[in-house]
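Below is one structure, written out as structure tokens; comments come after it.
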Amino acid sequence: MGEIQRKTIQVVAAVIFDGNRVFAVQRGYGEWKDYWEFPGGKTEPGESPEEALRREIREELDTEITVGERLIKVEYDYPKFHLSMDCFCCTILQGDLKLLEAESSAWLTKDTLDSVNWLPADRIVIDIIRARLCTKDI
């Protein structure tokens with residue numbers, strides 16, 4: 001038998017910093033329910049990653065964000081699909097991060113990053129974020 005051809009899903013994720021904290025959400029649905037991730041979602045046809053991220057955060061959290069530099073592009077093979085995830089450094093422009101889709105949320109510090117059960121692809125980003133949270137000027 002040949003190798004299973006997985007569908008690739010293109011997503012964007014907002015790594016929202018606030019001083020020495022970063023924002024994370026807990027999934028409230030699906031196969032990976034209760035796992036933690038950075039908010040975001042799928043890119044629509046014709047959208048830039050930055051446009052997709054601003055739209056997703058408006059839809060999921062009723063918040064306007066500023067999208068900064070790309071932190072990392074994560075390529076990860078889940079059992080049923082391949083995930084290609086662009087993670088961007090973001091800050092809140094306006095809004096209160098209302099949970100419209102997620103089950104729960106938390107502001108995590110360098111010391112509490114490991115206190116939640118991250119999705120495997122998001123876990124790859126944690127060491128980079130930990131290094132950022134060590135510095136004063138994010």
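Here, each number is a calculation from the coordinates, and none is a lab measurement. The structure presented is a predicted model; accordingly, all values stated were derived computationally and were not measured. Because the Cβ atoms are built from the backbone with ideal geometry, glycine has one as well, and the counts that use them run over all protein chains shown.
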Subset of segment 21-35 [surrounded by 12 or more Cβ atoms within 10 Å (Cβ to Cβ) and either over 18 Å from ILE129 (Cα atoms) or not charged (D, E, K, R) (or both)]: VAL22, PHE23, ALA24, VAL25, GLN26, ARG27, GLY28, TRP32, ASP34, TYR35
For CYS89: the one exception among (1) assigned to a strand (DSSP E or B); (2) over 13 Å from the mean Cα position of the chain (by Cα): (2)
Residues located in segment 36-70, provided they are under 16 Å from CYS89 (Cβ atoms), surrounded by fewer than 16 Cβ atoms within 10 Å (Cβ to Cβ) and acidic (Asp, Glu): GLU64, GLU69
Those residues of segment 66-83 which are under 12 Å from ARG6 (Cα atoms) and assigned to a strand (DSSP E or B), in sequence order: TYR76, ASP77, PHE81, HIS82, LEU83
Complete set of residues in segment 13-30 that are touching a Lys or Arg at 6+ places or on another chain (Cβ under 8 Å) and closer than 23 Å to PRO79 by Cβ: ARG27
Odd one out for ILE57, checked against (1) of a type outside the set (Phe, Trp, Tyr); (2) under 17 Å from ALA121 (Cβ atoms); (3) under 11 Å from the mean Cα position of the chain (by Cα): (2)
Of all residues making up segment 96-120, the number that are within 12 Å of PHE38 (Cβ to Cβ) and among the hydroxyl-bearing types (Ser, Thr, Tyr): 1
Residue pairs meeting the criteria (Cβ under 8 Å; at least 6 apart or on separate chains; first within 19 Å of GLU44 (Cβ to Cβ) and in contact (Cβ under 8 Å) with a residue 24 or more places away in the chain, in segment 57-71; second assigned to a strand (DSSP E or B) and hydroxyl-bearing (Ser, Thr, Tyr)): ILE65/THR91
Segment 115-129, subset over 12 Å from VAL15 (Cα atoms) and in contact (Cβ under 8 Å) with a residue 12 or more places away in the chain, residue surrounded by the fewest Cβ atoms within 10 Å (Cβ to Cβ): ASN117
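In segment 93-133, how many are of a type in the set (A, V, I, L, M) and closer than 14 Å to ARG27 by Cβ?
7
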All positions within segment 92-105 that are surrounded by 15 or more Cβ atoms within 10 Å (Cβ to Cβ) and part of a strand (DSSP E or B): ILE92, SER105
